[in-house]
Amino acid sequence: MKLSIEGQHKLTGEIEVNGAKNAALKFMAACLLSKESWTLTNVPEIQDVKMMAELLEEIGVKVTHDQPHVYTLNAQDVKIASLPADKSAKLRASILCVAPLLARFQEASFSYPGGCILGKRPINLFLDSYQALGADWTEHNGTFKVSAKKGLTGNKFVFPIVSHSVTESLIMTAVLAKGETTIINAAMEPEVESLCQWLSSLGAKIKNGGHHTIIIQGVDKIGGGQTAIIPDRIETGTFAVLGSLAADQLLIKNCQPRHLEVFWELLTRAGGDIEVSGDTVLVRQAKTLTAVELRTREYPGFATDLQAPFSVLLTQGKGLSLVHEVIYEGRLFYTDTLNKMGAKIIMADPHRVVIEGPTPLIGKKMESPDIRAGIALVIAALIAEGDSLIDNANQIDRGYENIDQRLRSLGAKIERQE
């Protein structure tokens, strides 16, 4: 899949933010905790959600998807606790299914989860969290088996580093365990908070016991119901960057700006022209952009998933910007592609780059390495002189629904090539 983009067309109009990818995938996995039906609304129509639905169906979940952005899931008839290797290898979030399977069946087996080039990240914290609640695990030829023959028992688990995915996994492991589980140094992303609120509404006993502390009292069952997925804060920030670079006026609708306080502060310091009101943000092209220092952090810090789009903005900022990526190894390598487009970016080490701006960008043929770097290349192509062709655009589709159609509605010249 390729995206063909003609650059330097002024954008204007309105764009709605879809449901959060990183919430929808966790909610879908969590349906395995219950024998009752769950209906999820505001679910983004993206590749990762489709793959998660297929994975759940293969292990026995009844999935109904009769209208856009609405999924009904019923895991009553799930009998196996083994995840299909072929689908797990394509979806990093597949590992989130392990915890509810372990909680419900006291066992689970899975292959190493995949995804994009950033997909094969360490899973040791997941395994440590299972063990903390009484499970054992083995690995043979890439297949992991986790079992808790005596059942799961609540315990204290201290995160040596903050991880939102493992925090969500441990929450799902603990809600059906016997006794009390205390999670120390837990992640506090809005997606984590949303999951806790949803499970609590279905009978789970979860409370925030203090800063980055979650206390869970195990219950016998989790019920069913309906809920809406929260808006995607990463889409919100991505569109704000695009508007700051290329829009006469861009109104971002259906968002929750309070989830991006650090992002708005940094964008304003860089020269962004934004107006926040309720669940909308009005963005105008910045008159002058200036260099800033960007350092990614766990929530409520600057989100790592917005680092690549913001770095494109910094190529147009006057001065020297330092970007320090502290969350993921290798997440700055896409900057080499920006340099081929005319950017002046020096990599100090795998976690830091220096960006000199402003520099005009020139359209090129390139390849999307992952979801977030991919959307950054789309933004770069939209402000570049000439034509660009982005290959491997299916990576972008994993996180952004119908991105070409939505950008065309704003005036972008972008076409999809099969």
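All of the numbers you see were taken from the coordinates with simple rules; none came from a lab. Since the model is a prediction, treat every value here as computed from it, not as a measurement. Please note: Cβ atoms are built from the backbone with ideal geometry, for glycine as well, and neighbour counts cover all protein chains shown.
Shape of segment 326-418 from the C-alpha gyration tensor: oblate (a/c of 1.5 or more and a/b not above b/c, with a ≥ b ≥ c the square roots of its eigenvalues). Only one residue of Ile222, Asn339, Val378 has its Cα farthest out toward the positive end of the dipole of the chain, where Lys and Arg carry +1 and Asp and Glu -1 on Cβ, and that residue is Ile222.
Measuring against 19 Å, Cα to Cα, the residue pairs Lys287/Lys365; Lys21/Lys50; Lys50/Lys79; Lys340/Lys413; Lys35/Lys87; Lys21/Lys413 contain Lys287/Lys365; Lys50/Lys79; Lys340/Lys413; Lys35/Lys87; Lys21/Lys413 as the ones spanning a longer distance. Close amide H pairs (under 5 Å, H built 1.01 Å from N) link Lys318 with Leu289, Thr290, Ala291, residues at least 5 positions away or on another chain. Helix content alone sets the calculated 222 nm mean residue ellipticity of the chain: runs of n ≥ 4 DSSP H residues at -39500 (n - 2.57) each, divided across all residues, give -8500 deg cm²/dmol. Rounded to the nearest 20 debye, the dipole magnitude of segment 127-180 is 220 debye, with +1 charges on Lys and Arg beta carbons, -1 on Asp and Glu beta carbons, and the Cα centre as origin. In sequence order, segment 387-404 has phi-based couplings of 9, 10, 10, 9, 8, 6, 5, 4, 4, 5, 4, 5, x, 10, 6, 6, 4, 5 Hz under the Karplus curve 6.51 cos²θ - 1.76 cosθ + 1.60, θ = phi - 60°, and Gly or Pro positions carry x. Reducing segment 63-142 and segment 11-45 to their Cα centroids gives an inter-centroid distance of 18 Å. Each peptide in 353-364, 197-208, 309-320, 235-246 receives the mean, over its residues, of other Cβ atoms within 10 Å, and ordering these scores from highest gives 235-246, 309-320, 353-364, 197-208.
Ranked by the mean number of other Cβ atoms within 10 Å of their residues, highest first, the peptides 218-231, 44-57 fall in the order 44-57, 218-231. Calculate the length of the line joining the C-alpha centroid of segment 326-393 to that of segment 182-209, in whole Å. So the separation of the two Cα centres works out to 36 Å. Of interest is the spacing of the C-alpha centroids, which for segment 247-271 and segment 160-178 amounts to 31 Å. Net charge dipole, segment 21-228: roughly 380 debye, given to the nearest 20, about the Cα centre with Cβ charges of +1 for Lys and Arg and -1 for Asp and Glu. Taking the Cα of Ala228, stepping 7 Å toward and past its beta carbon, and measuring to each backbone N in segment 247-273: which are under 20 Å? Answer for segment 247-273: 251-260.
Placing unit charges on each Cβ (+1 for Lys and Arg, -1 for Asp and Glu) gives the chain a dipole about its Cα centre, and among Val70, Asn254, Phe144 the Cα reaching farthest toward its positive end belongs to Phe144.
Looking at the chain alone, DSSP beta bridges between its own residues are antiparallel in about 70 percent of cases. Full extension of the chain between Glu36 and Asn339 yields a length gain of 103.9 nm, computed as 0.36 nm times the residue separation minus the alpha carbon distance. Going by a ≥ b ≥ c, the root eigenvalues of the Cα gyration tensor, does segment 204-249 fall in the rounded group (a/c under 1.5), the prolate group (a/b larger than b/c) or the oblate group? Oblate, since a/c reaches 1.5 and b/c is not below a/b. With contacts taken as Cα pairs under 8 Å and at least 6 residues apart, the chain reaches a relative contact order of 20 percent. Could you state, as a whole-number percent, how many of the C-alpha pairs of segment 21-228 are farther apart than 23 Å? Counting pairs separated by more than 23 Å, the tail of P(r) holds 38 percent. At 4 °C and a viscosity of 1.567 mPa s, what translational diffusion coefficient does Stokes-Einstein give for segment 145-216, taking Rh as the Kirkwood radius over Cα pairs? Give it in µm²/s as a whole number. For the chosen part, D equals 105 µm²/s. Rounded to the nearest 20, the Cβ-based charge dipole of the chain about its Cα centre (Lys and Arg +1, Asp and Glu -1) stands at 580 debye.
Computed 3J(HN,Hα) for segment 306-311, one whole-Hz value per residue from the Karplus formula 6.51 cos²θ - 1.76 cosθ + 1.60 where θ = phi - 60°, is 9, 5, 5, x, 5, 5, glycine and proline marked x. Each residue of segment 195-201 was assigned a 3J(HN,Hα) from its phi angle through the Karplus expression (A = 6.51, B = -1.76, C = 1.60, θ = phi - 60°), giving 5, 4, 5, 5, 5, 5, 5 Hz with x at Gly and Pro.
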